[in-house]
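**Student:** Take a look at this one; I'll ask things after.
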Amino acid sequence: MLNFAPGMALRIAGVYVVLAALWIVCSDWLLTAWIQNTEQLASLQIYKGWGFVLVTGILLYLITHRQFATMTRMHTRQMDIELKNRFLAEQLQQNLSASPAMTHIHRVDGRELMPVWISQNVTQFLGYPVSETLTPRWWEDHIVPEDHDRVMRSLTKLFDKDTLVMEYQFMRKDGSKFWMRDERRLIRDQYGMPTRRVVGTWTDITERKQAELTLRESEDRYRNLVENAPDAILINLEKRVVMVNKACIELFGAQKAEDLLGLSPFDLFHLDDHVQIRERIDRACTLGENAPLLNERIVRLDGQCVDVEVSAAPFQFQGKTALHVTIRDITDRQQTERELGTLHNLSMQMRKAEHLTDVTPIVLKQVLHALQADTGCVMLLSDDGNELTVAQGDGDWAQSIGSTFPVSSRVKTEVLKDGQALSIAEDRQLLADLPPLAVGQGPVVVVPLRSETAAMGLLAIGRQSNATCAPFSPSNIRLLTTIGEMSGNAMRRLYLLDDATERLNRVQALRQIDMAITGSLDRRVTLNVVLEQVTTQLRVDAASILLTSPITQTLEYEAGRGFYSNAIEQSKLRFEQGYAGQAASKRQLISVPNLKQAEPPMLRDDLLANENFVTYHAIPMIAKGQVVGVLETFHRQLFKPNREWLEFLDALAGQAAIAVEDARLFTNMEHANRELLQAYEQTIEGWSLAMDFRDHETEGHTLRVTEMTVRLAKAMSINEAEIVHIRRGAL
């Protein structure tokens, strides 16, 4: 309303001046003209003044009343407009906050842009407060370095084209990067002249960029998959080949893709399959159904027929329905299936075998049938590896069953040792390494019967030499080699099962020890777990752990398991004293097969008098190059360990050493931490006393302040851990 006050006052003053002037001039003229009596004229002058006051008062009231009514209506309208504008502004701000785009206004300062206004949702999306975003060069400083120069060069185009769209990476408050789309427009006035304002939006397009990258990667993967796919792929459009991959060119025996492009599918497939192919193409193109896998035959460019497996799927290609045809050469697969059938039958038959003599006739029968051989034999290797005995024979070798002959150097080197197949086709002198054969024998192949660790013998087959005799193919030799391995492994399968079970149990034992080490800092708990696994997995009757004392350089009892009494707990040995001391000083395993016959006798016989131990082992526990103790095992019966038993004992000793070392490190760390805290407390108290000595008037003041601070902290329910730090700060 104050905006209208100066104008209203001016109008009222103007009206008053005009009325006063008219009243004075007109009333004086009328009175002078009508009244001649001076006394009467004086009286009328007084009444005239009161009349003027009355008239002007009424007029002023009417004028001011009208003006104030008008002003009230204008003020009400203005308030309504302000409320509406405020509502619209709040609604706009809410819409901007909910918008995925951040709006900004910049002022043009030469060739630079200075921020003027940025929507509040910038804090939601970027994490920066609005006040920080309005600082000069904030926007430039937060563009990622790899995009900064490109963006600043592009920004100059805004003054030439009025609009600019940029995409670049920007830094959030938390340091993370994201892709942003920046759209800007230079504002022009009604005459088309550029103003000094630029309006724009920032939009997070990270998901879109990721989608574009994913799409490009998907396209590249599809292209690479098609080009480098092991299966032949062609595109059939309107019954013409329009695209082929490398595998398709090789499958059809072409030199280049152009040799196949433009051909009809009926030119590439066998005549017997044309009716079936036509039906599959029509159904796929008409109904949009995939053509399932089907065995067909193709005709290579050289006229050779090849068995293949074909599938097709319709898709849109160049705006038309095309077929994505996949062709797989199944020649090798069919051969493999036959080989697998042979191996399956052999496996099923060998499952029934309970003795070695049952395995050899089964193997020979299956091999002769699968490889269409006429002659064959199975030869077993002697324990010393120098002789072969024919255990089973057929054909020319049937008469050699039971015969024994020495192993030649060639067979021993190439077949038994290296595991190679020996093929004898041309050099007949090589047959001297095998049992005698009839004259006219054709090709012969010899393969080892091998287990995973050693050769068990030889498997040999041959064909009679005639017009239809063919040499053994690489696939035949591969199959025969596989059969030799299966047969050798069958002889040891039960042993391998037991061995695998025992290894698994030992791995689980080590795992349990690892869990105990990582799950507990109590050394005794961990060592008890170690001893439990030692007695269980190594099948010992008792076990103990002696730890070294860094101060006395002695071995002292720490933990034990399986003893009849507690006498072993009194064990205390110096280095090099007794078998345990020797193991620690020499850093090697000490084994005593029979304690009753041991020389020198065990020093702790008095402690173990009622234990009846026979076999003893002591192995040092070494961690980080230091002997931390000795692991002892005891058997109450004579025991002869193998290599694997000793290796696992060493592994358990290593785990025990790790447990001991970890516990010692933790103990030392706790001790060092306590000493550090104590020194810290003493230092602070010393500083406090030093301040008291400097000024006797304030003596004890620091301690009083400290106590008062602690009481205040307790009254505020602050936890004890924080009160410790508060006390130090106050002190």
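The values are calculated or read from the model by the stated rules, or taken from the named source; none is laboratory data. These numbers were taken from a predicted model, which means no experiment stands behind them. Glycine gets a Cβ as well: all are built from the backbone with ideal geometry, and neighbour counts include every protein chain shown.
**Student:** Which residue, of A312, A291, is within 23 Å of E227 (Cα to Cα), modelled with pLDDT under 90 and in contact with a helix residue (DSSP H, G or I) (Cβ under 6 Å, 6 or more places away or on another chain)?
**Tutor:** Working: A312 fails: modelled with pLDDT under 90.
Matching residue, one of A312, A291: A291.
**Student:** Could you list, in sequence order, the residues of the stretch 596-618 that are outside any loop (DSSP other than H, G, I, E, B) and either closer than 19 Å to R523 by Cα or out of contact with any strand residue (DSSP E or B) (no Cβ under 9 Å at 6 or more places or on another chain) (or both)? Steps first, please.
**Tutor:** The first filter runs over the stretch 596-618 and keeps only residues outside any loop (DSSP other than H, G, I, E, B), leaving 596-597, 615-618.
Across the stretch 596-618, the qualifying residues are K596, Q597.
**Student:** Inspect the stretch 551-562 for any residue being assigned by TED's automatic domain parsing to the domain that holds I513, in a loop (DSSP other than H, G, I, E, B), in contact with a His (Cβ under 8 Å, 6 or more places away or on another chain) and over 19 Å from A659 (Cα atoms) and give the result as yes or no. Please lay out each step first, then the result.
**Tutor:** Keep residues of the stretch 551-562 that are assigned by TED's automatic domain parsing to the domain that holds I513, which gives 551-562.
The next check asks that each one be in a loop (DSSP other than H, G, I, E, B); those that pass are 551-553, 562.
Within this subset, residues satisfying the condition of being in contact with a His (Cβ under 8 Å, 6 or more places away or on another chain) are none.
Within the stretch 551-562, none of the residues are assigned by TED's automatic domain parsing to the domain that holds I513, in a loop (DSSP other than H, G, I, E, B), in contact with a His (Cβ under 8 Å, 6 or more places away or on another chain) and over 19 Å from A659 (Cα atoms).
**Student:** Continuing with the same structure: Suppose we filter the stretch 259-276 for residues that are of a type in the set (A, V, I, L, M, F, W, C) and in contact with a helix residue (DSSP H, G or I) (Cβ under 6 Å, 6 or more places away or on another chain); how many remain? Walk me through how you get there before you give the answer.
**Tutor:** First pass over the stretch 259-276, keeping only residues of a type in the set (A, V, I, L, M, F, W, C): 260-261, 263, 266, 268-269, 271, 275.
Filter once more, keeping what is in contact with a helix residue (DSSP H, G or I) (Cβ under 6 Å, 6 or more places away or on another chain): 266, 269.
Final tally of qualifying residues: 2.
**Student:** Testing E569 on (1) under 15 Å from A543 (Cα atoms); (2) touching a strand residue (DSSP E or B) at 6+ places or on another chain (Cβ under 6 Å); (3) loosely packed, with under 14 Cβ neighbours inside 10 Å, one condition comes back false. Which one is that?
**Tutor:** Of the numbered conditions (1) under 15 Å from A543 (Cα atoms); (2) touching a strand residue (DSSP E or B) at 6+ places or on another chain (Cβ under 6 Å); (3) loosely packed, with under 14 Cβ neighbours inside 10 Å, the odd one out for E569 is (3).
**Student:** If you don't mind, there's one more thing I want to ask. Is there any pair linking a residue in the stretch 590-617 that is on the phi > 0 side of the Ramachandran plot to one that is basic (K, R), with Cβ under 6 Å and at least six apart or on different chains, and which?
**Tutor:** As it stands, the answer is N612/R636, since those pairs meet every condition given.
Yes or no, residue by residue, for (1) in contact (Cβ under 8 Å) with a residue 40 or more places away in the chain; (2) surrounded by 14 or more Cβ atoms within 10 Å (Cβ to Cβ); (3) in the same structural domain as V306 (by TED's automatic domain parsing):
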position	(1), (2), (3)
N224	no, no, no
L234	yes, yes, yes
V242	yes, yes, yes
K246	no, yes, yes
E250	no, no, yes
A254	yes, yes, yes
G262	no, no, yes
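**Student:** Would you confirm whether or not the stretch 365-383 contains a residue that is in contact (Cβ under 8 Å) with a residue 40 or more places away in the chain and over 21 Å from N476 (Cα atoms)?
**Tutor:** We begin by selecting, within the stretch 365-383, every residue in contact (Cβ under 8 Å) with a residue 40 or more places away in the chain; these are 366-368, 370-381.
With the extra rule that they be over 21 Å from N476 (Cα atoms), the set shrinks to 380-381.
Checking the stretch 365-383: at least one residue is in contact (Cβ under 8 Å) with a residue 40 or more places away in the chain and over 21 Å from N476 (Cα atoms).
**Student:** Output the residues belonging to the stretch 215-272 that are part of a loop (DSSP other than H, G, I, E, B), modelled with pLDDT of 90 or more, over 41 Å from the mean Cα position of the chain (by Cα) and not aliphatic (A, V, I, L, M).
**Tutor:** F252, G253, Q255, K256, G262, S264, H270
**Student:** Something else about it: Filter the stretch 267-316 down to the residues that are under 19 Å from V241 (Cα atoms) and among the acidic types (D, E) and list them by number.
**Tutor:** Correct list: D267, D273, E279, D282, E296, D302, E309.
**Student:** Of everything in the stretch 472-501 that's modelled with pLDDT of 80 or more and assigned to a loop (DSSP other than H, G, I, E, B), which residue is nearest to V367 (Cα to Cα)?
**Tutor:** Taking the stretch 472-501 and keeping what is modelled with pLDDT of 80 or more, we get 472-490.
From what's left, assigned to a loop (DSSP other than H, G, I, E, B): 472-473.
Working: F472: 13, S473: 14 Å.
The residue in question is F472.
**Student:** Continuing with this model, one more query. Only one of (1) in the same structural domain as R278 (by TED's automatic domain parsing); (2) at pLDDT below 90; (3) not small (G, A, S) fails for L340. Which number is that?
**Tutor:** (1)
**Student:** Going through T526, T554 one at a time, which residue ends up being surrounded by 13 or more Cβ atoms within 10 Å (Cβ to Cβ), hydroxyl-bearing (S, T, Y), touching a Phe, Trp or Tyr at 6+ places or on another chain (Cβ under 8 Å) and closer than 17 Å to R664 by Cβ?
**Tutor:** Numbers: T526 fails: touching a Phe, Trp or Tyr at 6+ places or on another chain (Cβ under 8 Å).
Exactly one residue qualifies, and that residue is T554.
**Student:** Enumerate the pairs (first residue in the stretch 529-541 and among the polar types (S, T, N, Q); second residue anywhere and assigned to a helix (DSSP H, G or I) and modelled with pLDDT of 85 or more) with beta-carbon separation below 8 Å, excluding pairs fewer than 6 apart on the same chain, so at least 6 apart or on different chains.
**Tutor:** Pairs found: Q533/L652; Q537/F648; Q537/L652.
**Student:** Might you let me know whether the stretch 184-194 holds any residue that is on the phi > 0 side of the Ramachandran plot and more than 37 Å from the chain's Cα centre (by Cα)? Step through it out loud before you land on a result.
**Tutor:** Within the stretch 184-194, the subset on the phi > 0 side of the Ramachandran plot is 192.
After this cut, where a residue has to be more than 37 Å from the chain's Cα centre (by Cα) as well, the list is 192.
Yes; the residues of the stretch 184-194 include at least one that is on the phi > 0 side of the Ramachandran plot and more than 37 Å from the chain's Cα centre (by Cα).
**Student:** Being of a type in the set (A, V, I, L, M, F, W, C) and part of a loop (DSSP other than H, G, I, E, B) narrows it down to one of L301, L293, so name that one. It would help to see each step written out before you state the result.
**Tutor:** Details: L293 fails: part of a loop (DSSP other than H, G, I, E, B).
None of the other options fit; the residue is L301.
**Student:** Let me ask something additional. Test T342 against the stated conditions and say whether it is among the β-branched types (V, I, T) and more than 26 Å from I477 (Cβ to Cβ).
**Tutor:** Details: among the β-branched types (V, I, T): yes; more than 26 Å from I477 (Cβ to Cβ): no.
No.
**Student:** Give me the residue from the stretch 193-222 that is of a type in the set (A, V, I, L, M) and loosely packed, with under 14 Cβ neighbours inside 10 Å and, out of that set, nearest to P100 (Cα to Cα). Walk me through it before giving the result.
**Tutor:** If we filter the stretch 193-222 for residues that are of a type in the set (A, V, I, L, M), which is where we start, we get 193, 198-199, 205, 211, 213, 215.
Now narrow it down to the ones that are loosely packed, with under 14 Cβ neighbours inside 10 Å: 193, 211, 213, 215.
Numbers: M193: 31, A211: 18, L213: 21, L215: 23 Å.
Among residues in the stretch 193-222 that are of a type in the set (A, V, I, L, M) and loosely packed, with under 14 Cβ neighbours inside 10 Å, the one nearest to P100 (Cα to Cα) is A211.
**Student:** Could you tell me which of the residues K412, K320 is within 18 Å of G457 (Cβ to Cβ), touching a residue at least 24 places away in the same chain (Cβ under 8 Å) and surrounded by fewer than 19 Cβ atoms within 10 Å (Cβ to Cβ)?
**Tutor:** On the way: K320 fails: within 18 Å of G457 (Cβ to Cβ).
Of the residues listed, the single one that is within 18 Å of G457 (Cβ to Cβ), touching a residue at least 24 places away in the same chain (Cβ under 8 Å) and surrounded by fewer than 19 Cβ atoms within 10 Å (Cβ to Cβ) is K412.
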